[in-house]
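First the structure, in the form of structure tokens, and then the observations on it.
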Amino acid sequence: MFRRKKKEEQTDAPPPAVEKSDSSAAEEKAMAPAAEASAPEAAETSRAAETAEASRASEQALDSAARGRRGNRVQKVGTVSSDKMQKTVVVRVDRLVLHPKYRRYVRRTSKFMAHDDLGATTGDRVRIVETRPLSTRKRWRVVEIVQKAAK
């Protein structure tokens, strides 16, 4: 159960605040003598770390820039149910929905028409991503074939 603190335990003083600039300055001071005393190998290691950090930062910047331009596109995984059209497949995506009255999971199926440059066939599991309208009913594109159909 909940227990109240005694008056002696309560303190009016706020917790001590640590400034980031002081801690970063202390870290830099601690690292400076170690860097001066170490061999050139340490300098190479630090350069490699800086290069790796810079590449990660550039990847994140590119990732956020691409997300800003196009947004986070919806991806779905489904089974190809028809491949009788040219460069178009019909993908069946199943999902489980909780029935409101019976509280059991019911399978719901949606069918999407997707543009296919990869050559998916009936029975393949594919990943589709939303895209601009390509035709009247086609607004999805096959990104990868997750699993080929067993023959």
Confirm whether Val80 is touching a Ser or Thr at 6+ places or on another chain (Cβ under 9 Å) and modelled with pLDDT of 85 or more. yes
Being of a type in the set (D, E, K, R), in the same structural domain as Val89 (by TED's automatic domain parsing), closer than 10 Å to Val89 by Cα and touching a residue at least 24 places away in the same chain (Cβ under 8 Å) narrows Arg137, Arg141 down to just Arg141
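The values are calculated or read from the model by the stated rules, or taken from the named source; none is laboratory data. Keep in mind the model is a prediction, meaning the values are calculated, not measured. Every residue, glycine as well, gets a Cβ built from its backbone with ideal geometry; the counts of neighbours run over all protein chains shown.
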